[in-house]
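The values are calculated or read from the model by the stated rules, or taken from the named source; none is laboratory data. The structure presented is a predicted model; accordingly, all values stated were derived computationally and were not measured. What goes into the accessible areas is simple: the full protein's heavy atoms, side chains included, and nothing from ligands, DNA or RNA. Shrake-Rupley method; radii C 1.70, N 1.55, O 1.52, S 1.80 Å.
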Amino acid sequence: MEVNIKNSKICLIHGDITLEETDAIVNAANTSLRGGGGVDGAIHRVGGPSILEECVEKYPNGCKTGEAKITRGGLLQAMWVVHTPGPIWRGGNQNEEELLRSSYRNSFQQAEIVGATSISFPSISTGIYGYPIHKAAPLAIQTIVECLPSYSIREVHFVLFSTRDFQIYTKALTKFL
Ligand code: AR6
């Protein structure tokens, strides 16, 4: 599914983010930036050891929740990986919504700084971190739509791993048609 918004394109893709050919892909990391499971594990596995080496060298203190740090993409097609720890869902009263918005906004900004014009996001926080995807999908799309006018990035992919996640994002994006 593809929607044109404010001179830009938002695409929903049912698949694996490690195969994306956008300039940057986003990693749903943890605050240590030392790898993990889920999409984080997949990105480090496919991208090779140079991504972790760069994380260790450049970011000895990791990354705070809602912030974002960038490395090169190693063996990935994407030139850059933006690592962002999204919030762990703790019932919704622990600033989770604002932290998730920050993860999307700061990732977008990091990619823009290195000159990326296209970026792919996974569904941050909705796996191991337990953020309800029905709440996360509209928030993710809304946040990106709000960012678009101030940035040069013209193509944004949301890459959804499961059919259910893809359907939920499709419904959320339909509201912008
Ligand atoms: N491509 C696209 N999406 C994927 C892929 C993939 N290859 N693999 C999984 N997903 P999660 P989180 C989806 O758990 O909730 C890690 O251990 C998955 O189906 O990867 O932010 C980190 O180190 C889900 O919809 O990230 C942290 O400790 C989405 O990616 C913690 O997990 C996010 O699920 C972060 O948890």
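Residues whose amide H lies under 5 Å from that of LYS9, counting only those 5 or more places away or on a different chain, are GLU155, VAL156; hydrogens are built 1.01 Å from N in the peptide plane.
Accessible area per residue for the range 2-174 is 46 Å², calculated with a 1.4 Å probe on protein heavy atoms, without ligands, DNA or RNA. What's the extension gain from GLU53 to LYS175 if we count 0.36 nm per residue and subtract their Cα-Cα distance? Full extension from GLU53 to LYS175 adds 39.8 nm. Of the whole protein surface, ILE43 contributes about 0 Å² of accessible area at a 1.4 Å probe radius. P(r) tail for the range 2-174, what percent of Cα pairs lie past 19 Å? Percent of Cα pairs beyond 19 Å in the range 2-174: 51. Taking amide H atoms as placed 1.01 Å from N in the peptide plane, the amide H of ARG72 lies under 5 Å from those of VAL81, each 5 or more residues away in sequence or on another chain. For the chain, lysine pairs separated by 8 or more sequence positions, or belonging to different chains, with Cα-Cα distances below 19 Å total 6. Taking every DSSP bridge with both residues inside the range 2-174, close to 30 percent are antiparallel. The accessible area of LYS9, taken with all protein chains in place and a 1.4 Å probe, comes to roughly 60 Å². Where only DSSP H runs of four or more residues are counted, the chain gives -11500 deg cm²/dmol as its mean residue ellipticity at 222 nm, each run worth -39500 (n - 2.57). Between the range 113-136 and the range 48-91, what is the separation of their alpha carbon centroids in Å? Taking the Cα centre of each part, the range 113-136 and the range 48-91 sit 13 Å apart. In this view, the solvent-accessible surface of HIS134, computed with a 1.4 Å probe and all protein chains in place, comes to about 120 Å².
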